[in-house]
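Some notes on the structure that comes next.
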Amino acid sequence: MVRSLKKAKRKNKGSKKGGGGGDGSSSSSSSVPSMPAKVWQPGVDALEEGEELQCDPSAYNSLHAFHIGWPCLSFDIVHDSLGLVRTEFPHTIYCVTGTQAHNAPNSIGIFKISNIYGKRRELVPTKTSNADTDMESDSSDSDDDDENDGPKTPVFQVRKVFHEGCVNRIRAMTQKPHICASWGDTGHVQIWDVSSHLNAMAESETNISKDAATIHNQPPLIKFTGHKDEGYAIDWSPLVPGRLVSGDCKNSIHLWEPASDTTWNVDNKPFVGHTASVEDLQWSPTEPFVFASGSVDKTIVIWDTRMGKSPATTIKAHGTDVNVISWNRLASCMLASGSDDGAFSIRDLRMLKEGDSVVAHFQYHKHPITSIEWSPHEASTLAVTSADNQLTIWDLSLERDEEEEAEFKAKTQEEVHAPTDLPPQLLFVHQGQKDLKELHWHTQIPGMLISTAADGFNILMPSNIESNLPAANAAA
């Protein structure tokens, strides 16, 4: 069951009707006195005997969970032709992912999920009696379903392509979404054309059960063997179609330049400036020759391909490994980074010459940051995943407003005990997945995120992303 940040509810073990999943009108609930909602903090608060976390359906516009078999610890959202900005349900998404199977053939998975339903919510949600009811993976579907139609559940389609070795990371090109690049634990970077699979799914609106079990043997367009070790860092240029960089665990970065629609020239002479594994790469959203890299050597390096193979700027970024970085495409001076000690920082690159470029630093998470990404629709918003099994969403423009919080409580007629040390920029906390690895915002569906973990994927649309409600209210 998927869970979000939610108050802990004590079960009455002596009640005959105290089993899970009953509605709010049961006699057992009427005998328990009403208590103020409490925000439960992961890693801080402990669950006492008889308490459990329950999902609050009102915290989401839409929430679904799924998996494609083996763990897929990297994925990317495929840019589609269904509309640049889509706000009306039902939604359809396309993604590419890669498996990490150790005793079975690995594959690249191309999947489509259609008929994703949910609901729009008011700025101030009304208080309901069944807010504490357990929610299954798609119980946030719209309450506006036509009578007698029954629940509207997503339609899942998947096709698989054989991949040699586990897929460490996979990225789809924005300009040509049928082209994707994969990093394998074999030490090879490969580029694939998945257009035939995308086209087959686009023409069907039913589950493809037969193809789900079939692994297609399809050769890659190119297989680069010049890296000296496996790696995880890879990124397509958002400005130059086909331009790619890939980095390995031996601190080398190679530049790929497209020679045609299906061929690439890879520079065998690597960029060298790091002293340890290159963990992540990000192209500048405004400068076609500039990219950034984060490394286990605790630094972030800015590179300019016109200046040769040496760093343009080296930043001492964190006290531990720099695991992930994200360049803000709406405010190109801002670069976010997450480290192995659970901290993440925001830097204003315009301030590099002044020394300290950090404009925000957060130590909310206590375990390594595994993914970080700026929102494609709000310049001040970013999402983070951590090894503490939390996905958090942050709005850097938020400040605590006691008057606004009091007004909200008066309208909802609900008392929420929020910790005073909860960062005001913390907009949302999502839980329920184990060993979270990667998240992405959907660039064409505002407010939608997809995350992957060892136990599968989640699609979520928090209800307070558009309304910017305080984090404590979204949680409770």
Packing-ranked peptide list from 40-47, 327-334, highest mean Cβ count within 10 angstrom first, is 327-334, 40-47
Here, trypsin sites (Lys or Arg not before Pro) of segment 330-377 satisfying both criteria (DSSP loop; at most 16 other Cβ within 10 Å) are Lys366
Computed from every Cα-Cα pair in segment 236-375, P(r) in 5 Å bins starting at 0 and rounded to whole percents is 2, 10, 20, 23, 21, 13, 6, 2, 1, 0
re segment 172-291: pairs of Cα atoms spaced beyond 25 Å account for a percent value of 29
Around Ala360 (Cβ within 14 Å, Cβ-to-Cβ, excluding Ala360; K/R +1, D/E -1) the net charge comes to -3
Residue separation between Glu164 and Asp455 times 0.36 nm, minus their alpha-carbon distance, gives in nm 102.5 nm
Quotient of Cα radius of gyration and Kirkwood radius for segment 261-306, i.e. Rg/Rh, equals 1.01
Most packed first (mean Cβ within 10 Å per residue), the peptides 389-398, 56-65, 198-207 order as 56-65, 389-398, 198-207
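Read the figures in this text as sums done on the coordinates, not as results from a lab. Because the structure is predicted, anything quoted here is derived from the model rather than measured. Note that we place each Cβ from the backbone using ideal geometry, even for glycine, and neighbour counts take in every protein chain shown.
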